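Student: Supplied in structure tokens, the structure appears directly below.
Nothing in this text is a laboratory measurement; each read-out follows from the coordinates by a stated rule. The structure displayed is predicted, hence computed values, not measured ones. Here Cβ is always computed from backbone atoms with ideal geometry, including for glycine, and neighbour counts include all displayed protein chains.
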Amino acid sequence: MRCFIAIASVCLLIVLAPVVDLQAQGETGEFVSESSAGSAFGVGGRAVGMSEAVIVSVKDGFAIVYNPAALVKIKRPEFLGALSYEKLNNETAAGTPFEGVSVANNDLSKTRLSSLTLSVPVPTYRGSFVLAFGVNRTHSFDNTFTMYSMVPNSSSRGLEEVGGSIREYAGAAAIELSPRLAVGITLIYFRGGEDYFWNFRGDFTAPTETLEYIDNIKSDYSGVGARLGSRFELNRNFALGFTLDTPVKYKIEQDYVFTTIENGDTDIDQGAYEYHLTHPLSMSGGASFQTRTFVIEVDVRYTDWSQLKYDFDDDPFLLQDNLSLQRSYDDALSVMVGAEYIIPQYDLVLRGGFKHDPLPFSNAFAVNQIEQDRNSFSFGFSYLIDRVAMLDIGYARASYELVDAVSQLVQKYTSDKVMVSVGYRI
Amino acid sequence: MQARNIIIAIAVGVAASIVSLGCYTIIKHPDMQSRQSYNDSEGYTHTAQDRDCMRCHQDYSEYPYGYYYSDYYPDYYWTYPSWGRYYAYPWWWDYYWYKDDNGTVVTGERPDRRRQGITPPYTRGVEPTAPLPPPSFPNSGQIGGSGGGTTTGGSAGSGGGTNTEEKQEEQKPPKRRGGTQKGDD
């Protein structure tokens, strides 16, 4: 083992030599990763097509996710279902002086049942009162990372694949307080899981050594939270919306198996661990402008991820991790812009959007430098089927770029997502 | 702690809004029967219907049928009814729709009338060209008296007159016609 560490250290120094400047940007402490942070996943074909700029203009059961107050616009019982398809790609290249030599690429595709919701408007003589229930996949852990490195006397390759999600099991209610003001609340039980897989293999030739890691971590998430929403129509053209997601304290139960194979000797470390992680509150606001057949909306969402917090009553060591965790993350202000044009004579709606969705990392650590923040564009359409059903299809492409200045890996991530949803109103 | 305070503040704000604005949304329409009820000489209680809807609905022109028709309900909802039906037409209004004998969808009043024909004066108001089917209740002759006259012909006006006379003679409130009428014998 000592021999291997010595060899690895030499290799590491070789790799690090050209990147001293980059490393100087970050702290030498340990980056703490929580994959549930900043993992929001859009639901509904219309929302995806508008880059999720729908806090004000959402008009179907997905309001349970985006703004429960908007449920008041539903006048008929509605069943909603949605499927998502996402293709993730990671391309990792080694930096100077090995660029062009060490390149790795991997794709990961996932098709998921995204949503099922039921909205029930209560008969009213005046105003609106709507109840809704649903299951929505609002956080996605799906991701992949791969690397390949060839330096003198050694080569290494790694593959990471992560799958899973957190779903919201929710009930919501919305009521009109005045002809133009509505409020709503969604009560949520979060439940989900993450499957993490990491395989790394290193070969060293002087002297000959091999090392392989095979890691599996299965995490179960559960938590309770609420979402408050309001919606106000200033006049016939302008409307505003505001939502607040309460902090959520997740209980995370993990089972892990770490397998280390070194020069043919296998060592297995397995166990279970449980801890609590609190997500901070999140606020969103939006404004929409609409004419007879045109809608444009601009939304913002703010979350201060540096307020992520472990419950160190679980484990005194988490107190120290809390400090690293909070230095690892930063606040994030997302900006979404979406528009749609309605062609009523063809029962058709066309839409598109753009989203600036910053990664929540603080850039304080050299291992996780943001080279290009996460942006996405989208488009989609809806088709009204015989006055009882609405087909929504949205497509979004997102990309971002990270640099690991320690191992000097430039990582490009892209995501192509298609969301298909169908609403049926009785 | 700060987050909790924000949530509490918002909850209080929403509650204050509901209290201060009043409950705009009405699930159950207020009882419109006047409290000035009275008992007649036969012991029946009568109440007056308050038909002055505009007393509470001054803003009817802006919010017809209790709904604010902003630009969210643009004109094409009616030009192309599929849109209006999907987004704007409350499902409980379907109750006001029905189909006629030809299968044509028509709109009209809420079809809530039942047991038609057994309300006084128990005639159809026009002269029948053929004998009417017998009434579904057993003692029509006794109650209607002149109801027999109606079925045997004569002008509608005379039939109506006969009924009126019968009512004047008996001076009794109308009896229920459904089910067993033990008291009629």
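Student: Rounded to two decimals, what is the ratio between the C-alpha radius of gyration of the range A:249-347 and 2.2 N^0.38 Å? Mind showing how you got there, number by number?
Tutor: Values: Rg = 23.2 Å, N = 99, 2.2 N^0.38 = 12.6 Å.
The value comes to 1.84.
Student: How far, in nm, would the chain grow between A:Tyr125 and A:Asp195 when pulled straight, counting 0.36 nm per residue and subtracting the alpha carbon separation? Intermediate values should be presented prior to the final figure.
Tutor: On the way: separation 70, 0.36 × 70 = 25.20 nm, distance 5.01 nm.
Stretched fully, the A:Tyr125-A:Asp195 segment lengthens by 20.2 nm.
Student: Here's something else I'd like to know. Show the residues, 5+ positions off or on another chain, whose built amide H is closer than 5 Å to the amide H of A:Phe41.
Tutor: Sorted by chain and number, the residues that satisfy this are A:His139, A:Ser140.
Student: Can you give the convex hull volume per residue for the Cα atoms of the range A:41-130, as a whole number of Å³?
Tutor: Numbers: hull volume 8.6 nm³, N = 90.
Given the Cα convex hull of the range A:41-130, per-residue volume reads 96 Å³.
Student: Same structure, new question: For A:Ala405, enumerate residues with amide H under 5 Å from its amide H, sequence gap 5+ or separate chain, H modeled in the peptide plane.
Tutor: HN-HN under 5 Å from A:Ala405: A:Val367, A:Asn368, A:Gln369.
Student: Return one number: the angle in degrees, 0 to 90 and rounded to the nearest 10, between the long axis of the Cα atoms of helix A:317-328 and the longest principal axis of the Cα atoms of chain A.
Tutor: 70
Student: Pull out the extension gain between A:Asp331 and A:Ser33, defined as 0.36 nm times the separation in residues minus the alpha carbon to alpha carbon distance; nm, one decimal.
Tutor: Working: separation 298, 0.36 × 298 = 107.28 nm, distance 1.51 nm.
That works out to 105.8 nm of additional length.
Student: Pick from A:Asp269, A:Asp245, A:Asp142: which residue has the top mean-square fluctuation in a GNM of chain A where Cα pairs under 10 Å get a spring?
Tutor: Checking each option, the largest mean-square fluctuation is seen for A:Asp269.
Student: Turning to a different aspect of this structure: Based on DSSP H runs of at least 4 residues, each adding -39500 (n - 2.57), what is the mean residue ellipticity at 222 nm of chain A after dividing by all its residues, to the nearest 500 deg cm²/dmol?
Tutor: Working: 5 runs with 40 residues, N = 426.
It lands at -2500 deg cm²/dmol.
Student: Also, quick follow-up: What is the sum of charges around A:Ala132, taking Lys and Arg as +1, Asp and Glu as -1, for the other residues whose C-beta is under 14 Å from the C-beta of A:Ala132? Kindly include the intermediate steps, with their values, before the conclusion.
Tutor: Values: positive: A:Lys59, A:Lys73, A:Lys75, A:Arg76, A:Arg227, A:Arg425; negative: A:Asp60, A:Glu78, A:Glu168.
That sum, taken over residues with Cβ under 14 Å, equals +3.
Student: For chain A, just list the percent of Cα-Cα distances falling in each 20 Å bin from zero outward, please.
Tutor: Calculated over all Cα pairs of chain A, the distribution is 24, 52, 21, 3, 0 percent.
Student: How large is log10 of I(q)/I(0) for the range A:284-426 at q = 0.16, 0.18 Å⁻¹ when the intensity is taken from the Debye formula with one equal scatterer per alpha-carbon?
Tutor: Computed log10 I(q)/I(0) values: -0.96, -1.08.
Student: Sequence gap of 8 or more, or different chains, plus Cα separation below 13 Å: how many lysine pairs satisfy both in chain A? Don't skip to the answer; put the middle values down first.
Tutor: Working: A:Lys59/A:Lys73; A:Lys59/A:Lys75; A:Lys87/A:Lys110; A:Lys87/A:Lys417; A:Lys110/A:Lys417; A:Lys249/A:Lys309; A:Lys251/A:Lys309.
Here the count comes out as 7.
Student: Provide the FRET efficiency to the nearest 0.05 for the A:Gln372-B:Glu42 pair, computing r from the beta carbons and using R0 = 56 Å. Let's see the in-between values first.
Tutor: Details: r = 89 Å, r/R0 = 1.58.
With R0 = 56 Å, the Cβ-Cβ based efficiency is 0.05.
Student: Turning to a different aspect of this structure: By the scheme Lys and Arg +1, Asp and Glu -1, what is the net charge of all other residues having a beta-carbon under 12 Å from that of A:Gly338?
Tutor: -1
Student: What does the net charge come to around A:Ile385 if you take all other residues with beta carbon closer than 15 Å to its beta carbon, with K and R at +1 and D and E at -1?
Tutor: Working: positive: A:Arg46, A:Arg76, A:Arg387, A:Arg425, B:Arg85; negative: A:Asp60, A:Glu78, A:Asp347, A:Asp386, A:Asp392.
So the environment of A:Ile385 carries a net charge of 0.
Student: Quickly work out the A:Asp267-to-A:Leu348 label distance, labels modelled 7 Å from Cα along the C-beta direction, and quote it in nm with one decimal.
Tutor: About 6.4 nm separates the two model spin labels.
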